[in-house]
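A.B. asks: Pasting a structure below so you can have a look.
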Amino acid sequence: MTRRPASIILSAVFAFLALAAWGQVLSVALGHSDDSPVLTALQTCIGAAAAATAWGSWRRTKWAASAALAYGVVTAGMLVVLPSLLGLPAEARAGIWSGAAAVMVFAALCAMYFRSDAGANR
């Protein structure tokens, strides 16, 4: 069973995304950040979904596609509610929706790749 280079890269990308999200959670736990509990919970879920995606991608499982979609949904959802959570002014909100859409497109493309990669693994 040889891994495609894209599988290795995407596994690393999702592992990095998990570490970044959990780094935010750890920052709150250590008192270095005053993020809201809702934002911290969302970051925890993002970290879990990204870690599951990284693991599933590395193992070439069928469920890696679902984990990637879960990552996209939770991350896009967080981006959409972020202006309300942080009380951002209207001019600072530009690009939030396009950023959320970009995350969903990335997650959907990764999910399609993971599904085909798992099928090639049979």
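A.B. asks: Rounded to the nearest 0.05, what FRET efficiency do A29 and R3 have when you use their Cβ-Cβ distance and R0 = 30 Å?
C.D. replies: The calculated FRET efficiency here is 0.30.
A.B. asks: Same structure, new question: Neighbouring Cβ atoms within 10 Å as the yardstick, rank T2, T61 fewest first.
C.D. replies: The order, fewest Cβ neighbours first, is T2, T61.
A.B. asks: In debye, nearest 20, what is the charge dipole magnitude of the chain about its Cα centre with +1 on Lys and Arg Cβ and -1 on Asp and Glu Cβ, if you could check?
C.D. replies: 760
A.B. asks: So how far apart, in nm, are the two label points at V13 and V80 if each is 7 Å from Cα heading toward Cβ?
C.D. replies: 2.3
A.B. asks: What's the ranking of 8-16, 98-106 by average number of surrounding C-beta atoms within 10 Å, highest first?
C.D. replies: Result, highest mean Cβ count within 10 Å first: 8-16, 98-106.
A.B. asks: Hey, what D do you get for segment 5-120 in µm²/s if you plug the Kirkwood alpha-carbon radius into Stokes-Einstein at 20 °C and 1.002 mPa s?
C.D. replies: 147
A.B. asks: How would you order 80-91, 31-42 from highest to lowest mean count of nearby Cβ atoms within 10 Å?
C.D. replies: The peptides rank, most packed first, as 31-42, 80-91.
A.B. asks: With an 8 Å Cα cut-off and a minimum separation of 6 or more residues, compute the relative contact order for the chain in percent.
C.D. replies: Relative contact order, the chain: 28 percent.
A.B. asks: Please list, in chain and number order, the residues 5+ apart from D35 or on another chain whose amide H is under 5 Å from its amide H, with Hs placed from the backbone.
C.D. replies: Long-range HN contacts for D35: none found.
The numbers here are math on the coordinates, done by the rules we state, and not lab data. Predicted, not measured: the structure shown is a model, and the values here were computed from it. Note that each Cβ is placed from the backbone with ideal geometry, even for glycine, and that neighbours are counted across all protein chains shown.
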